[in-house]
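A quick write-up on the structure given underneath.
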Amino acid sequence: MRIAVLTDIHANREAFEAVLADVAAHGVDRIALLGDIVGYGADPGWCCDRAAALVAEGAICVRGNHDNAASGASEAMSTLARKALDWTRDRLGDAQVDFLAGLPLVAEAEGVLFVHASANRPEEWSYVTSDTKATPSFRASAARLILCGHVHVPLLASCDMGGVVREQAFRTGLPIPLLPSRRWLAVVGSVGQPRDGVAQAGWALVDTVRQELTFRRTPYDAAGAARKVRAAGLPEELAVRLLVGR
């Protein structure tokens, strides 16, 4: 099965649409959304509705911390995130809030665990930023492949038969063989607000038959998305982030 994995869309319609078009061109069997559909961007309602339509068609979707907060939960957030969240809440209808609130924290399919943040206590929204930070996820789950987001920066780690976790180098666009002698964890990156210095939408393609993972980037109209952020009256920093990928 070929699974397209998207995460941290953050209400960026332009990036979401561009990635979905790219996904369609790759002939995938299923889509997985790893949370944070809303927050930061100018199109929370549209992105919620598009995600809900994908779920109705069979997509996997888990809840992120911004989704959780937008649906009424109390979450610790930065001042910037809180300003965007307050704006977002006023623009979501009841059905959209109910959709976000009803999303699970984790999902499993084809031997893959899907989660927004760490697989260890996912409700605490821990950031997986290194091999050390990935270790609790390997201990919490026996899945051969763990896929997560939350960080907005791609990362790949593996765990050998002895339980030693190491960060692995990779090249975007090239298939990575998921060797059967190891278990794997990938932080996919971000569709709507990448922070690794590349102002293109990030996502991943998993092939469970070939046992391969490919990190992908898709160009999109970042300038148009930034203009909409400014027009909405959201903080200027959120527009600049889209233009510089940080």
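Tally up the residues in segment 120-137 that are touching a residue at least 12 places away in the same chain (Cβ under 8 Å), assigned to a helix (DSSP H, G or I) and under 19 Å from Asp36 (Cα atoms), please.
2
Among the numbered conditions (1) surrounded by 15 or more Cβ atoms within 10 Å (Cβ to Cβ); (2) at positive phi; (3) more than 15 Å from the chain's Cα centre (by Cα); (4) touching a residue at least 40 places away in the same chain (Cβ under 8 Å), tell me where Gln211 comes up short.
The number of the failed condition is (4).
Would you mention how many residues in segment 229-246 are basic (Lys, Arg) and in contact with a helix residue (DSSP H, G or I) (Cβ under 8 Å, 6 or more places away or on another chain)? Spell out how you get there, then give the answer.
Residues of segment 229-246 that are basic (Lys, Arg), as a first pass: 230, 241, 246.
Next, only the ones that are in contact with a helix residue (DSSP H, G or I) (Cβ under 8 Å, 6 or more places away or on another chain) stay: 230.
Of the residues in segment 229-246, 1 are basic (Lys, Arg) and in contact with a helix residue (DSSP H, G or I) (Cβ under 8 Å, 6 or more places away or on another chain).
Got a sec? Which of Arg210, Arg217, Arg139, Arg171 is of a type in the set (D, E, K, R) and touching a Ser or Thr at 6+ places or on another chain (Cβ under 7 Å)?
Values: Arg210 fails: touching a Ser or Thr at 6+ places or on another chain (Cβ under 7 Å); Arg139 fails: touching a Ser or Thr at 6+ places or on another chain (Cβ under 7 Å); Arg171 fails: touching a Ser or Thr at 6+ places or on another chain (Cβ under 7 Å).
When all the criteria are applied, what remains is Arg217.
So is Cys61 touching a helix residue (DSSP H, G or I) at 6+ places or on another chain (Cβ under 7 Å), at pLDDT 95 or above and farther than 28 Å from Val240 by Cβ or not?
Spelling it out, Cys61 is indeed touching a helix residue (DSSP H, G or I) at 6+ places or on another chain (Cβ under 7 Å), at pLDDT 95 or above and farther than 28 Å from Val240 by Cβ.
In the set Leu113, Leu100, which member is in a helix (DSSP H, G or I), under 18 Å from the mean Cα position of the chain (by Cα) and not hydroxyl-bearing (Ser, Thr, Tyr)?
From the options Leu113, Leu100, the qualifying one is Leu100.
Considering segment 76-95 alone, what residues qualify as being without any contact (Cβ under 8 Å) to a residue 60 or more places away in the chain and loosely packed, with under 15 Cβ neighbours inside 10 Å?
If we filter segment 76-95 for residues that are without any contact (Cβ under 8 Å) to a residue 60 or more places away in the chain, which is where we start, we get 76-79, 81-82, 85-86, 89-95.
Across segment 76-95, the qualifying residues are Ala76, Ser78, Thr79, Arg82, Asp86, Asp90, Gly93, Asp94, Ala95.
Results for (1) part of a loop (DSSP other than H, G, I, E, B); (2) at pLDDT below 95; (3) crowded, with 16+ Cβ neighbours inside 10 Å; (4) not hydrophobic (A, V, I, L, M, F, W, C), shown as yes or no for each residue.
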{"site": "Ser118", "(1), (2), (3), (4)": "yes, no, yes, yes"}
{"site": "Arg139", "(1), (2), (3), (4)": "no, no, no, yes"}
{"site": "Leu147", "(1), (2), (3), (4)": "no, no, yes, no"}
{"site": "Arg171", "(1), (2), (3), (4)": "yes, no, no, yes"}
{"site": "Leu185", "(1), (2), (3), (4)": "no, no, yes, no"}
{"site": "Gly192", "(1), (2), (3), (4)": "yes, no, yes, yes"}
{"site": "Arg195", "(1), (2), (3), (4)": "yes, no, yes, yes"}
{"site": "Ala199", "(1), (2), (3), (4)": "yes, no, yes, no"}
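Can you confirm whether segment 1-15 contains a residue that is over 18 Å from the mean Cα position of the chain (by Cα) and over 20 Å from Gln200 (Cα atoms)?
Within segment 1-15, the subset over 18 Å from the mean Cα position of the chain (by Cα) is 1.
Add one more test, that the residue is over 20 Å from Gln200 (Cα atoms), and what stays is 1.
Yes; the residues of segment 1-15 include at least one that is over 18 Å from the mean Cα position of the chain (by Cα) and over 20 Å from Gln200 (Cα atoms).
Give me the residue from segment 26-53 that is charged (D, E, K, R) and over 19 Å from Leu105 (Cβ atoms) and, out of that set, surrounded by the most Cβ atoms within 10 Å (Cβ to Cβ).
So in segment 26-53, the residues charged (D, E, K, R) come out as 29-30, 36, 43, 49-50.
With over 19 Å from Leu105 (Cβ atoms) added as a condition, the list becomes 29-30, 43, 49-50.
Working: Asp29: 13, Arg30: 18, Asp43: 25, Asp49: 16, Arg50: 18.
The qualifying residue surrounded by the most Cβ atoms within 10 Å (Cβ to Cβ) is Asp43.
Return the only residue of Ala239, Ala223, Ala169 being out of contact with any Cys (no Cβ under 6 Å at 6 or more places or on another chain), among the aliphatic types (A, V, I, L, M) and either within 24 Å of Ala117 (Cβ to Cβ) or touching a residue at least 60 places away in the same chain (Cβ under 8 Å) (or both).
Just one listed residue meets the conditions, Ala169.
The values are calculated or read from the model by the stated rules, or taken from the named source; none is laboratory data. Computed from a prediction, not measured in an experiment: that's the story for all the values here. Reconstructed Cβ throughout: ideal geometry from the backbone, glycine too, with neighbour counts over all protein chains shown.
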